[in-house]
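The values are calculated or read from the model by the stated rules, or taken from the named source; none is laboratory data. Computed from a predicted structure; not experimentally measured. Virtual Cβ from ideal backbone geometry, glycine too; neighbours counted across all protein chains shown. With ligands, DNA and RNA removed, areas are computed over all heavy atoms of the protein, side chains included. Shrake-Rupley method; radii C 1.70, N 1.55, O 1.52, S 1.80 Å.
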Amino acid sequence: MIMQQVKAYGTEDPSTPLHELTIKRRALQAHDVQMEILFCGICHSDLHQVKADFGQYPPPIVPGHEILGRITAVGDHVKNFKVGDLAGIGCIVDSCDHCEYCNEGIEQFCQQGVTFSFNSPDKVSGGHTFGGFSKSYVCNERYVLKMPAFENLAAAAPLLCAGITVYSPLKHWGAGPGKKVGVLGIGGLGHVAIKIAKAMGAEVVVFTTSESKVEDAKRLGADFAVLSSDADAMAAYTNKLHFIIDTVSAKHDVNTYLGLLRHDGTVVLVGLPPQPLEIGAFNVVMGRKSFAGSNIGGIAETQEMLDFCFEHNITADREIINIQDVNTAFERLEKGDVKYRFVIDMASLTQ
Ligand code: NAP
Ligand code: ZN
């Protein structure tokens, strides 16, 4: 297969800072579009992977899966995009497209294995996929999202992972009028979850470990914000919430939050703490409670989420950086020092 050279930022192993390198992407195929990347968000999953929290990936690792750009070329059979269109690529860039799950629109669970936009075995060109910390991406149009005309494109990029990861479970578990929804952790995912849950009509209560975020949570739209170290404030929510979305990236005690659920309530984990979490039996059997998980969302649902966010004027609070500052951004993300998503201006990576 003919390949093209693309400038990117990545690393060979966890002890080496990210640096400029050249990767090979496939040349445009008949169903592919090529995109010049304008902005790419930095998700905590990028950090987990660079740190090899879930094991070491084959080098080099090029992170980035909140990819927003402009189409620069289309293959002969492309129907839905033309040169000049704004477009997005999230976590999914390929799937079998015919299994039961792909047919149901949950390609992220493809029975033959989904291909993620980063660090995934690439079934089309071999090797593995490289993410959006790069100048351009080539992808089958089936997995490319139409970007509504957001005024601030940098602020819209994080919707491509953070947005869909919280929209999908909020919708699945019925966040809406009459529902009290908890959001655990105010980071990239959590702050978008507050905005989306409010737009869906739910009452939103936020739980944070950071004092500085208590007031800010209300600015973001939360009805109530609780510092999780405040035992009295926590106790006031015992058995009160219908549903809690847990976005915490590190090991934490989920039993506390199961205790805040009403009967038949659910804590849904979207955060990916590398260590196993423990659950006390009585914390779920009493009240018939559930502890569940959710992983991003399918392509059609991602498009639905983008359109929903555009309609409700929802984007991420972002801090824009140049690619040369990505290692400092990772260090700050590790410490929770970002309000609330770093977004890389990819123009800073010169050809
Ligand atoms: P983030 O911006 O770093 O936010 C995580 C938040 O969790 C922090 O801001 C902090 O909020 C809280 N937190 C961190 N360490 C904690 C600890 N030890 N105890 C309690 N709270 C803690 O990360 P993100 O980008 O939103 O991603 C969050 C997690 O979701 C990551 O693990 C990421 O890999 C995962 N993820 C999963 C999916 C999926 O599809 N399932 C998709 C994207 C990301 P406070 O300061 O408010 O306490
Ligand atoms: Zn992500």
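May I ask you to verify whether Q49 is within 16 Å of ligand 1 (Cβ to nearest atom) and touching a strand residue (DSSP E or B) at 6+ places or on another chain (Cβ under 7 Å)? When the stated conditions are applied, Q49 passes them. Checking region 98-113 against the condition returns no match, with no residue being hydroxyl-bearing (S, T, Y) and open to solvent by less than 20 Å² (accessible area, probe 1.4 Å).
Apart from one condition, G10 fits all of (1) under 30 Å from Q275 (Cβ atoms); (2) more than 16 Å from ligand 2 (Cβ to nearest atom); (3) in a loop (DSSP other than H, G, I, E, B); the exception is (3).
Checking the condition of a type outside the set (G, A, S), within 30 Å of L306 (Cα to Cα) and not assigned by TED's automatic domain parsing to the domain that holds D337, which residue from L260, L277, L269 passes? Criteria check complete, one pass: L269.
Evaluation of V343 against the conditions (1) of a type outside the set (D, E, K, R); (2) within 16 Å of ligand 2 (Cβ to nearest atom); (3) within 25 Å of E141 (Cβ to Cβ); (4) surrounded by fewer than 21 Cβ atoms within 10 Å (Cβ to Cβ) shows that the sole unmet condition is (4). Residues in region 52-67 that are surrounded by 15 or more Cβ atoms within 10 Å (Cβ to Cβ) and within 16 Å of ligand 1 (Cβ to nearest atom): D53, Y57, I61, P63, G64, H65, E66, I67.
Using the structure shown, decide if T350 is at pLDDT below 95, farther than 30 Å from G105 by Cα and either in the same structural domain as A193 (by TED's automatic domain parsing) or not aromatic (F, W, Y) (or both). Yes; evaluated as a whole, the condition is true for this residue. Here the helices (runs of 4 or more DSSP H) wholly within region 201-318 that include at least 3 residues being open to solvent by less than 10 Å² (accessible area, probe 1.4 Å) and more than 23 Å from R332 (Cβ to Cβ) are 299-311. The requirement of being over 24 Å from Y167 (Cα atoms), within 14 Å of ligand 1 (Cβ to nearest atom) and at pLDDT 95 or above is not satisfied by D216. Inside region 46-97, residues that are in a strand (DSSP E or B) and either aliphatic (A, V, I, L, M) or outside the structural domain of L21 (by TED's automatic domain parsing) (or both) make up a count of 11.
Taking E66, is it of a type outside the set (F, W, Y), within 25 Å of P148 (Cα to Cα) and more than 16 Å from ligand 2 (Cβ to nearest atom)? When the stated conditions are applied, E66 does not pass them.
Has region 126-139 got at least one residue that is in the same structural domain as G88 (by TED's automatic domain parsing), open to solvent by 20 Å² or more (accessible area, probe 1.4 Å) and within 16 Å of ligand 2 (Cβ to nearest atom)? Yes - at least one qualifying residue is present in region 126-139.
Do we find that A155 is outside any loop (DSSP other than H, G, I, E, B), out of contact with any helix residue (DSSP H, G or I) (no Cβ under 7 Å at 6 or more places or on another chain) and surrounded by fewer than 23 Cβ atoms within 10 Å (Cβ to Cβ) in this structure? So A155 fits the description; yes. Exactly one residue among A154, A197, A175 is assigned by TED's automatic domain parsing to the domain that holds L47 and either more than 8 Å from ligand 1 (Cβ to nearest atom) or out of contact with any Leu (no Cβ under 9 Å at 6 or more places or on another chain) (or both), and that residue is A154. Here C96 fulfils each of the conditions (1) in contact with a Cys (Cβ under 6 Å, 6 or more places away or on another chain); (2) away from ligand 1 (no atom under 15 Å from the Cβ); (3) under 24 Å from T328 (Cβ atoms) apart from (3).
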